[in-house]
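**Q** Let me give you the structure first, and then I'll get to my questions.
The values are calculated or read from the model by the stated rules, or taken from the named source; none is laboratory data. Just so it is clear, the structure is predicted and the values come from calculations on it, not from any experiment. Backbone-built Cβ (ideal geometry, glycine too); neighbour counts: all protein chains shown. Ligands, DNA and RNA are excluded from the accessible area calculation, which covers all protein heavy atoms including side chains. Shrake-Rupley method; radii C 1.70, N 1.55, O 1.52, S 1.80 Å.
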Amino acid sequence: GENVEQHPSTLSVQEGDSAVIKCTYSDSASNYFPWYKQELGKGPQLIIDIRSNVGEKKDQRIAVTLNKTAKHFSLHITETQPEDSAVYFCAASSGGGADGLTFGKGTHLIIQP
Amino acid sequence: GAVVSQHPSWVICKSGTSVKIECRSLDFQATTMFWYRQFPKQSLMLMATSNEGSKATYEQGVEKDKFLINHASLTLSTLTVTSAHPEDSSFYICSASATGTDPHQPQHFGDGTRLSIL
């Protein structure tokens, strides 16, 4: 089955700086890669996703890049703000929303004021 | 849009009792719903996939007689933890997607149910 590795487990950045979280996946059949933000005591919230026919996608301060050959994808957050502090999870699946997701272990992002 | 509601948000019960958790898609029809389990400070692990009107598909190692899933309508799925024991204590989260004829719809998650078995 699919295995998703995520790094780093904790990331602390100064407010206004950029944050980058990286994930690798093992199953070449995976074609859908969402990123979720989870705040304490809440469910994950979809922040951006990318499909395997696209190399990069951007939504305001958030961008995701995908390298299918190397089987890795990354989340980039620019101009970080205190409200960006949360746990971020990457995930992968081979069937879009129709298949269960395999999650990475999460990155605790801390934005220092 | 794409709101998923989960109820209850927190439940505490005695060992041996059964607990039912509801997952509803409020503003869309969910052809597929998923149940995940999350231990403290850990990742989400897929337990099962349910499609409306058919039997759920369980992941390896998940006991289907222990975790009963019913997806009776396009807006409601339920997870029943039968004869719960302390090791079943966890954060249970559902997700739903409006795949239908479009498999490219993302999964939207509920806010989870914290289950504590005494």
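Here's the yes/no breakdown for (1) over 15 Å from the mean Cα position of the chain (by Cα); (2) surrounded by 22 or more Cβ atoms within 10 Å (Cβ to Cβ); (3) under 15 Å from A:Ile62 (Cβ atoms):
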site	(1), (2), (3)
A:Asn3	no, no, no
A:Ser9	no, no, no
A:Gln14	yes, no, no
A:Asp27	yes, no, no
A:Pro34	no, yes, yes
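**Q** Follow-up. Can you find even one residue in region A:93-104 that is open to solvent by 10 Å² or more (accessible area, probe 1.4 Å), more than 14 Å from B:Gln107 (Cα to Cα) and in contact (Cβ under 8 Å) with a residue 12 or more places away in the chain?
**A** no
**Q** Checking the conditions here, which among B:Lys14, B:Lys64, B:Lys20 is out of contact with any Cys (no Cβ under 9 Å at 6 or more places or on another chain) and under 28 Å from A:Glu2 (Cβ atoms)?
**A** Result: B:Lys64 is the single residue among B:Lys14, B:Lys64, B:Lys20 that is out of contact with any Cys (no Cβ under 9 Å at 6 or more places or on another chain) and under 28 Å from A:Glu2 (Cβ atoms).
**Q** Follow-up question, since we're still on this one. Taking strands (runs of 3 or more DSSP E) that do not extend beyond region A:1-89, which have at least 2 residues that are within 14 Å of chain B (Cβ to nearest Cβ)?
**A** Qualifying strands (runs of 3 or more DSSP E): A:4-7, A:19-25, A:32-38, A:45-51, A:56-59.
**Q** Right, next: Which one is farthest from B:Arg114 (Cα to Cα), of the residues in region B:1-26 that are charged (D, E, K, R) and open to solvent by 80 Å² or more (accessible area, probe 1.4 Å)?
**A** Of everything passing the filter in region B:1-26, B:Arg24 is farthest from B:Arg114 (Cα to Cα).
**Q** Given the condition at the interface with another protein chain (Cβ under 9 Å from one of its Cβ atoms), modelled with pLDDT of 95 or more, closer than 22 Å to A:Ala86 by Cα and surrounded by 15 or more Cβ atoms within 10 Å (Cβ to Cβ), answer yes or no: does some residue in region B:46-57 qualify?
**A** Scanning region B:46-57, I find at least one residue that is at the interface with another protein chain (Cβ under 9 Å from one of its Cβ atoms), modelled with pLDDT of 95 or more, closer than 22 Å to A:Ala86 by Cα and surrounded by 15 or more Cβ atoms within 10 Å (Cβ to Cβ), so the answer is yes.
**Q** Of the residues that sit in region B:5-28 and are in a loop (DSSP other than H, G, I, E, B) and among the hydrophobic types (A, V, I, L, M, F, W, C), which one is nearest to the chain's Cα centre (by Cα)?
**A** Only one residue tops the list, namely B:Leu26.
**Q** Kindly indicate whether any position in region B:33-40 is farther than 11 Å from B:Tyr92 by Cα and modelled with pLDDT of 90 or more.
**A** Yes: region B:33-40 contains one or more residues that are farther than 11 Å from B:Tyr92 by Cα and modelled with pLDDT of 90 or more.
**Q** A further question follows. How many residues does region B:37-63 contain that are without any contact (Cβ under 8 Å) to a residue 60 or more places away in the chain and not in a loop (DSSP other than H, G, I, E, B)?
**A** The qualifying residues number 11.
**Q** Related question: Anything in region A:40-62 that is surrounded by 15 or more Cβ atoms within 10 Å (Cβ to Cβ), among the hydrophobic types (A, V, I, L, M, F, W, C) and either touching a Pro at 6+ places or on another chain (Cβ under 8 Å) or farther than 21 Å from A:Gly16 by Cα (or both)? List them, or say none.
**A** A:Leu46, A:Ile48, A:Ile50
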